[in-house]
Amino acid sequence: MTFDNASSAPMRHFPIAVTMGEPAGIGGEIACMAWARYANELPPLILIDDPDRIAQLANVIGCPVNVESVSNAADAGAVWPDAIPVLPTSLPAPVEPGRINPANAQAVIASLDRAIALATSGDVAAVVTNPIQKSVLYGAGFDEPGHTEYLAKATKADSAPVMMLTGPELRVVPVTIHTSLADAVQALRTEDIVHCAIVTADALRTEFGIARPRLAIAALNPHAGEDGALGGEESSIIAPAVAQIRAAGIDASGPAAADTLFHPEARRSHDAVICMYHDQALIPLKTLDFHRSVNVTLGLPIIRTSPDHGTALDIAGTGRADPTSFVEAVKLAAFLAARRQQSAAAA
Amino acid sequence: MLPTRRENRVRVALPIGDPAGIGPEIVLRTAFEASVQQVIAPVIVGDLEILIDQAQRLGIGLEQKGDTLQCSGHSADFVDCGVVGPDNVTPGAVSALAGRATIAYATAAINLANEGHVDAVLAAPHTERSVQAAGIPFSGYPSLLAKLTQTSPDDVFLMLVSEPYKVVNATLHVALQDAVKLLTTERVTAAIEAAHNALTRMGFDAPRIGVCGLNPHAGEDGLFGQEEIDVIGPSVARCRQQGLNVEGPRPADVLFAGRAHDVYVAMYHDQGHIPVKVAAPRRASAISVGTPILFGSVAHGSALDIAGQGRADPTALQQAAVLLATQFK
């Protein structure tokens, strides 16, 4: 089984906004590589970045690109695929790959804000966010734990958004994310599992076109707790969540021992796995396909995807970065945007 | 009394595990399998009536002859524990009796190894609930093995062996929140050493050992948890000082995806079992490392839902038998 997110997406003329992300990281160069290798296969992108630094960076990594500065998003379609359209955002300090300069933190946030505004107004169809270095932004007015929460606030989302990671053979949704494992166990709550499952099922149905999504709910403990012998959270927290999810009319099973959910036969039996902690979701996803997994935020008014990796400061500016996850993030954003347009047209 | 060693094949005791599970079936289909018989001399440890009942269910002929069982032209030595039979154990049912029998078989098999009658033990799966129902304190075969071989339970670890991963688990059958608390520098160090010794015994020269972090992103410098800094990091440093070829703690998702190590050390059960079973759900073998005797089992369970139906897949047990006989010196 594979999910080909691009196959049914017609090419559209709307652009997809790409945020700067941490400029000392690999965000700029993976966008350049994506243009150089796949411009003809991808919908128009519009980078919200500094056009001069993009052109210089492309030369440094040996992947020359045509950069064209545009003054509004609507011009991107005319420029792509001959050049990368860039909506200029000025960087106060010069960028040195691999070395973070806090002076540029405001520009990182400004790029994200601009992308959100363009998506909210409908001038871009979706946003692909490049990785950020959170610790730098925390000192510059970015007062949310990560992109997902920041986007939720900025777009006034109705309820907490949900992070789904999707690879060619597996979709996973971690209920707890960036917290220590001990805290994740303590923080696990029935209502959060139910919320994640409902948002996921809703998104799989309306956004991904899966008529009756099947969710597998992972257990927390080994062997799903073996009836309490190896932990009580299955009966006290997760099973009640599964009951509520089913009561909401969703096809859900579990809690199931996590190590039984990810082999080929198991993967055919569900459309997504609701996971209790970060590594439970990420280990199978990355083991199956390290490069092609994508992060998508469910439950936002706008479409947002991102590559499923960090800023990779250690290899920034060397040309060794792999653009695969970024390209998949663009394809998924285009697929979701096309579907939203179709349903809007049908309505 | 068992016949003494009379040939070159490796003598492996096969306790049948939970008599109500798939154990009797997969033991029969392993002990009398031609490819397995080539490398091991099986010694089945179980109950005669249970095995005869199972053979009937499978539609194969099984005959007792002296201290042996004969089937499909092959012979296996047999130790009859005389604990249960089809009258009081039903396939698929959890019961104290089945739990007590499981432990009796494993105990008899381990004692055979302790006394030098067999070279290794390969146990079919148990059912945790049945053993608990019998009131026997037990947290997996490794703990029983430690007790019967007078080894400290802190030195015995489970190693999963599959393609492409070999994984030693620093903690195993405990609730996740307890696993976190059990991690100490001593325990993680012992697990790394056990991984090194097992791989060396398998013929690896300076095996490359990858150690998982506990937390997301291996804690990201303390942002998501301190165990990498306080516990796992110091263990890795200590093992490196001893000259072991060890790296970590690294984010578990990145480490397994990288496939760059000969053996991995996982901090908790699912961290090690998930990657192994993504690739090979029914083919992983489990070897207890850190004990004086060679002891194997399989990574799958007793599969009560299909017990006694002739539908069990014996591949993992067969592969474990061959692995024990051919890869450990």
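The values are calculated or read from the model by the stated rules, or taken from the named source; none is laboratory data. Remember, predicted model here, so these are calculated numbers, not experimental data. We place every Cβ from the backbone using ideal geometry, glycine too, and count neighbours over all the protein chains shown. Calculation scope for accessible area: heavy atoms of the full protein, side chains included, ligands and nucleic acids excluded. Shrake-Rupley method; radii C 1.70, N 1.55, O 1.52, S 1.80 Å.
Here A:ASP49 fulfils each of the conditions (1) of a type outside the set (A, V, I, L, M, F, W, C); (2) open to solvent by less than 20 Å² (accessible area, probe 1.4 Å); (3) in contact with a Phe, Trp or Tyr (Cβ under 9 Å, 6 or more places away or on another chain) apart from (3).
Which of the residues spanning region A:238-252 are of a type in the set (D, E, K, R) and within 14 Å of chain B (Cβ to nearest Cβ)?
Those that are of a type in the set (D, E, K, R) and within 14 Å of chain B (Cβ to nearest Cβ): none in region A:238-252.
Rundown of residues vs (1) part of a strand (DSSP E or B); (2) at the interface with chain B (Cβ under 10 Å from one of its Cβ atoms), yes/no style:
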site	(1), (2)
A:GLN280	no, yes
A:ILE283	no, yes
A:PHE290	no, yes
A:VAL296	yes, no
A:LEU300	no, no
A:THR305	yes, no
A:THR311	no, no
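Exactly one residue among B:VAL89, B:VAL27, B:VAL43 is open to solvent by less than 10 Å² (accessible area, probe 1.4 Å), over 22 Å from B:GLY301 (Cβ atoms) and touching a helix residue (DSSP H, G or I) at 6+ places or on another chain (Cβ under 8 Å), and that residue is B:VAL43.
Taking the criterion of being open to solvent by 30 Å² or more (accessible area, probe 1.4 Å) and either among the β-branched types (Val, Ile, Thr) or modelled with pLDDT under 90 (or both), the residues of region A:135-158 that qualify are A:SER135, A:TYR138, A:GLY139, A:GLY141, A:ASP143, A:GLU144, A:PRO145, A:GLU149, A:ASP158.
Inclusion of B:LEU112 among residues that are under 16 Å from the mean Cα position of the chain (by Cα) and more than 18 Å from B:GLY23 (Cα to Cα) is not warranted. When A:ALA338, A:ALA243 are screened for being modelled with pLDDT under 95, assigned to a helix (DSSP H, G or I) and surrounded by fewer than 24 Cβ atoms within 10 Å (Cβ to Cβ), only A:ALA338 passes.
So if I check each of A:GLY62, A:GLY27, which one is assigned by TED's automatic domain parsing to the domain that holds A:LYS331 and surrounded by fewer than 22 Cβ atoms within 10 Å (Cβ to Cβ)?
Every option except A:GLY62 fails the conditions.
Only residues that are part of a loop (DSSP other than H, G, I, E, B) and touching a Pro at 6+ places or on another chain (Cβ under 6 Å) were counted in region B:234-263, giving 2.
Within region B:304-327, can one find any residue that is outside any helix (DSSP H, G or I), under 19 Å from B:PRO164 (Cα atoms) and either in the same structural domain as B:THR90 (by TED's automatic domain parsing) or open to solvent by 20 Å² or more (accessible area, probe 1.4 Å) (or both)? No. Just so you know, in region B:234-282 the residues that are acidic (Asp, Glu) and within 9 Å of another protein chain (Cβ to nearest Cβ) include one that is nearest to B:ILE26 (Cα to Cα), and it is B:ASP270.
Note on region A:23-101: enclosed strands (runs of 3 or more DSSP E) holding 1 or more residues that are of a type in the set (Gly, Ala, Ser) are A:67-69. Of the residues A:THR179, A:THR148, the single one that is within 21 Å of the chain's Cα centre (by Cα) and over 24 Å from A:HIS291 (Cβ atoms) is A:THR179. Filtering region A:271-293 to residues that are open to solvent by less than 10 Å² (accessible area, probe 1.4 Å) and farther than 22 Å from B:CYS212 by Cα leaves A:ALA272, A:VAL273, A:ILE274. None of A:LEU165, A:LEU230 is open to solvent by less than 10 Å² (accessible area, probe 1.4 Å) and more than 26 Å from A:VAL330 (Cβ to Cβ) except A:LEU230. Evaluate the following for A:PRO255: is it surrounded by fewer than 24 Cβ atoms within 10 Å (Cβ to Cβ) and away from chain B (no Cβ under 12 Å)? No: the conditions fail for A:PRO255.
Scanning region A:172-200 for residues that are in contact (Cβ under 8 Å) with a residue 60 or more places away in the chain and more than 14 Å from chain B (Cβ to nearest Cβ) yields A:VAL173, A:ILE193, A:CYS196, A:ALA197, A:VAL199, A:THR200.
Residue-wise test of (1) farther than 30 Å from B:LEU324 by Cα; (2) open to solvent by 20 Å² or more (accessible area, probe 1.4 Å); (3) more than 25 Å from the chain's Cα centre (by Cα).
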{"site": "B:ALA191", "(1), (2), (3)": "no, no, no"}
{"site": "B:ALA206", "(1), (2), (3)": "no, yes, no"}
{"site": "B:GLY210", "(1), (2), (3)": "no, no, no"}
{"site": "B:GLY213", "(1), (2), (3)": "no, no, no"}
{"site": "B:PHE224", "(1), (2), (3)": "yes, yes, yes"}
{"site": "B:GLY248", "(1), (2), (3)": "no, yes, yes"}
{"site": "B:ALA252", "(1), (2), (3)": "no, no, no"}
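Yes/no per residue for (1) in contact with a helix residue (DSSP H, G or I) (Cβ under 6 Å, 6 or more places away or on another chain); (2) not in a loop (DSSP other than H, G, I, E, B):
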{"residue": "A:GLY249", "(1), (2)": "no, no"}
{"residue": "A:GLU265", "(1), (2)": "no, yes"}
{"residue": "A:HIS270", "(1), (2)": "no, no"}
{"residue": "A:ILE274", "(1), (2)": "yes, yes"}
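I'd like to know if region A:307-321 contains one or more residues that are open to solvent by less than 10 Å² (accessible area, probe 1.4 Å) and closer than 15 Å to A:GLY209 by Cα. No, the conditions are met nowhere in region A:307-321. The residues in region A:201-235 that are acidic (Asp, Glu) and at the interface with chain B (Cβ under 9 Å from one of its Cβ atoms) can be counted, and the count is 3.
The set of residues in region A:105-136 being more than 17 Å from the chain's Cα centre (by Cα) and either at positive phi or basic (Lys, Arg) (or both) consists of A:ARG114, A:GLY122. Could you please give the count of residues in region A:119-177 that are touching a strand residue (DSSP E or B) at 6+ places or on another chain (Cβ under 6 Å), assigned to a loop (DSSP other than H, G, I, E, B) and polar (S, T, N, Q)? Residues that pass the stated criteria total 2.
Name the single residue that is nearest to A:ASP259 (Cα to Cα) among those in region B:167-205 being among the polar types (S, T, N, Q) and not in a helix (DSSP H, G or I).
B:ASN169
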